[in-house]
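The structure under discussion appears below in the form of structure tokens.
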Amino acid sequence: MELTIKEIPAAFKANIPQGMRLFAKHGKEVLLVESVFCPNGHNLLVDSVRIHDEPSIRLNIRLGNQKGVVFLDSFWGSHANLFSFLPTKMEADSAVEAHCPYCDVLLNVKQPCENKDCDSREQIALYLPGRNNRIYICPKVACPHHMLVVEEIPHDILEVIDEINYFGTGQDEVFGGI
């Protein structure tokens, strides 16, 4: 799959939600999640494990009969993850059950995935500061869908942000050397 760089809409740049930051990396504009919480208010960003030289998002997960910790890249659209275990027997329809690493609250919520090729009826919900704005991540292992919900920004603008995915050929042009 070829990496497609999407231009971030001016309407989004003018209203970047609290908990996210826009900056240039290797001449490309990228979004970074700087603060994200469980429903009970625990900050899920950790500085102890850094991906691309930035803090990562820590979640406890269960995948089939395995459980452990996953650290998610905080760059919006990146799919670089570090696991505390070696996932085995991952089928395309395998789904992750995610929990807060501090209070163990379940982060999976009833929210159908909007990817037309995915049949998941759940998503992992992470909350930006203020709790009105959220990030949804599809728990299906084979689905790259993620979605930003920001009350102050029109849905059509957010759809462009949702389509930002950094994986495949060319990702090193954005994150290489970091």
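The values are calculated or read from the model by the stated rules, or taken from the named source; none is laboratory data. This is a predicted model, so every value here is computed, not measured. Note that each Cβ is placed from the backbone with ideal geometry, even for glycine, and that neighbours are counted across all protein chains shown.
Rundown of residues vs (1) out of contact with any Pro (no Cβ under 8 Å at 6 or more places or on another chain); (2) at positive phi; (3) crowded, with 16+ Cβ neighbours inside 10 Å; (4) at pLDDT 90 or above, yes/no style:
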site: Q18; (1), (2), (3), (4): no, no, no, yes
site: F23; (1), (2), (3), (4): yes, no, no, no
site: C38; (1), (2), (3), (4): yes, no, yes, yes
site: V46; (1), (2), (3), (4): no, no, no, yes
Which of the numbered conditions does K28 fail, given that it passes all the others? Conditions: (1) basic (K, R); (2) in contact with a helix residue (DSSP H, G or I) (Cβ under 9 Å, 6 or more places away or on another chain); (3) crowded, with 17+ Cβ neighbours inside 10 Å.
(3)
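Can you find a residue that is farther than 22 Å from D162 by Cα, surrounded by fewer than 18 Cβ atoms within 10 Å (Cβ to Cβ) and not basic (K, R) anywhere in segment 105-126?
Checked segment 105-126: at least one residue is farther than 22 Å from D162 by Cα, surrounded by fewer than 18 Cβ atoms within 10 Å (Cβ to Cβ) and not basic (K, R).
Out of curiosity, is A80 closer than 23 Å to N43 by Cα, surrounded by fewer than 18 Cβ atoms within 10 Å (Cβ to Cβ) and in contact (Cβ under 8 Å) with a residue 12 or more places away in the chain?
For A80, the condition - closer than 23 Å to N43 by Cα, surrounded by fewer than 18 Cβ atoms within 10 Å (Cβ to Cβ) and in contact (Cβ under 8 Å) with a residue 12 or more places away in the chain - is met.
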If we keep just the residues of segment 136-157 that are among the aliphatic types (A, V, I, L, M), over 19 Å from A80 (Cβ atoms) and part of a loop (DSSP other than H, G, I, E, B), which is farthest from the chain's Cα centre (by Cα)?
I153
For the subset of segment 52-73 comprising residues that are at pLDDT below 90 and not charged (D, E, K, R), which member is nearest to L128 (Cα to Cα)?
H52
What are the pairs with Cβ atoms under 9 angstrom where one residue, in segment 6-22, is in contact (Cβ under 8 Å) with a residue 12 or more places away in the chain and over 16 Å from H155 (Cα atoms) and the other, located anywhere, is of a type in the set (S, T, Y) and surrounded by 13 or more Cβ atoms within 10 Å (Cβ to Cβ)? Sequence gap at least six, or different chains.
Q18/S35; G19/S35; G19/Y127; M20/S35
When you scan segment 64-83, do you find a residue that is within 24 Å of I164 (Cβ to Cβ) and among the basic types (K, R), even just one?
no
Any pair with Cβ under 6 angstrom, 6 or more apart, that starts in segment 140-153 at a residue that is surrounded by 15 or more Cβ atoms within 10 Å (Cβ to Cβ) and ends at one that is assigned to a loop (DSSP other than H, G, I, E, B) and of a type in the set (K, R)
none
Residue count for segment 121-178, restricted to those that are hydrophobic (A, V, I, L, M, F, W, C), modelled with pLDDT of 75 or more, within 26 Å of A24 (Cβ to Cβ) and in contact with a Lys or Arg (Cβ under 7 Å, 6 or more places away or on another chain)
5
